[in-house]
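Everything below concerns the one structure shown next.
The values are calculated or read from the model by the stated rules, or taken from the named source; none is laboratory data. Predicted model only: the values in this text are computed from it and were never measured. No Cβ is skipped: glycine too gets one built from the backbone with ideal geometry, and neighbour counts run over all protein chains shown. These area figures cover heavy atoms from the full protein model, side chains too; ligands, DNA and RNA do not enter into them. Shrake-Rupley method; radii C 1.70, N 1.55, O 1.52, S 1.80 Å.
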Amino acid sequence: ETGVTQTPRHLVMGMTNKKSLKCEQHLGHNAMYWYKQSAKKPLELMFVYNFKEQTENNSVPSRFSPECPNSSHLFLHLHTLQPEDSALYLCASSQGREGGYGYTFGSGTRLTVV
Amino acid sequence: AQTVTQSQPEMSVQEAETVTLSCTYDTSENNYYLFWYKQPPSRQMILVIRQEAYKQQNATENRFSVNFQKAAKSFSLKISDSQLGDTAMYFCVHSGGSNYKLTFGKGTLLTVNP
């Protein structure tokens, strides 16, 4: 394990379902992030949390709802998704907002919307 | 805004040989960092090497080294003595600005052949 754990690893859901993705880090990092990775496209930053406070929402549709109850846990709640939302969702963490030492990523959740 | 361009969607190399992956970027920042991340089939995004823009010396990590040309905004990755385990998608990443947001290139898929 790399220090950032994501569950589930795979998820298939219907467009009317509600599901949640979970991310957990025990690295003592203060900042956590959700990224979306689609085929043939660069990674897209979705949300940023710093010390549990959301500091950035990158124009993400409201059918994606993040939650950060503490600095170690980050959730992404999903509801009424569309097929184009199928992608790999990556969670990352870093020490503070400074990206000088890079981020530590999880292995991602492969989401398929049917 | 920062942009990162990787002009080689795919590359291949024979085991034990050397390969260079290209990356150019555009930034308005004076202080920034550059990274190469690899993403093998396991999907884990792994930090390979890090370069601080204010350092002229090229970073080196074992078989991995970079050629950082700040004026030309070029940041190539050289992999020496390629190994089968180096097969992965490689992303060039810029981190800078007031919030040190990561900007990813589209990636280069490297295949190491036996």
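Among the listed residues B:Glu29, B:Glu10, B:Glu17, which satisfies the condition of being more than 10 Å from chain A (Cβ to nearest Cβ), of a type in the set (Asp, Glu), open to solvent by 20 Å² or more (accessible area, probe 1.4 Å) and within 16 Å of the chain's Cα centre (by Cα)? Only one candidate qualifies: B:Glu10.
Does any residue of segment A:87-96 turn out to be more than 19 Å from A:Lys52 (Cβ to Cβ), among the aliphatic types (A, V, I, L, M) and more than 10 Å from every other protein chain (Cβ to nearest Cβ)? For segment A:87-96, residues more than 19 Å from A:Lys52 (Cβ to Cβ), among the aliphatic types (A, V, I, L, M) and more than 10 Å from every other protein chain (Cβ to nearest Cβ): present. Hey, among A:Gln37, A:Gln82, which residue is touching a strand residue (DSSP E or B) at 6+ places or on another chain (Cβ under 9 Å) and closer than 30 Å to B:Gln8 by Cβ? On inspection, the qualifying residue turns out to be A:Gln37. So which residues in segment A:74-86 are more than 13 Å from A:Tyr49 (Cα to Cα) and open to solvent by less than 60 Å² (accessible area, probe 1.4 Å), if there are any at all? Those that are more than 13 Å from A:Tyr49 (Cα to Cα) and open to solvent by less than 60 Å² (accessible area, probe 1.4 Å): A:His77, A:Leu78, A:Leu81, A:Asp85, A:Ser86.
Residues in segment A:86-105 that are touching a strand residue (DSSP E or B) at 6+ places or on another chain (Cβ under 8 Å), outside any strand (DSSP E or B) and modelled with pLDDT under 95: A:Gln95, A:Gly96, A:Arg97, A:Gly99, A:Gly100, A:Tyr101, A:Gly102, A:Tyr103. Checked against the criterion of being under 12 Å from the mean Cα position of the chain (by Cα) and either without any contact (Cβ under 8 Å) to a residue 24 or more places away in the chain or within 14 Å of chain A (Cβ to nearest Cβ) (or both), the candidates B:Leu47, B:Leu77 yield just one match: B:Leu47. Comparison of A:Ser71, A:Ser59 shows that the only residue that is open to solvent by 60 Å² or more (accessible area, probe 1.4 Å), among the small types (Gly, Ala, Ser) and within 30 Å of B:Asn31 (Cβ to Cβ) is A:Ser59. Beta carbons closer than 6 Å, at least 6 apart along the sequence or on distinct chains, pair a first residue in segment A:34-49 that is within 11 Å of chain B (Cβ to nearest Cβ) with a second that is of a type outside the set (A, V, I, L, M) and part of a loop (DSSP other than H, G, I, E, B) for A:Pro42/B:Lys106; A:Leu45/A:Asn58. A single entry from A:Leu81, A:Leu76 fulfils the requirement of being assigned to a strand (DSSP E or B) and out of contact with any helix residue (DSSP H, G or I) (no Cβ under 6 Å at 6 or more places or on another chain): A:Leu76.
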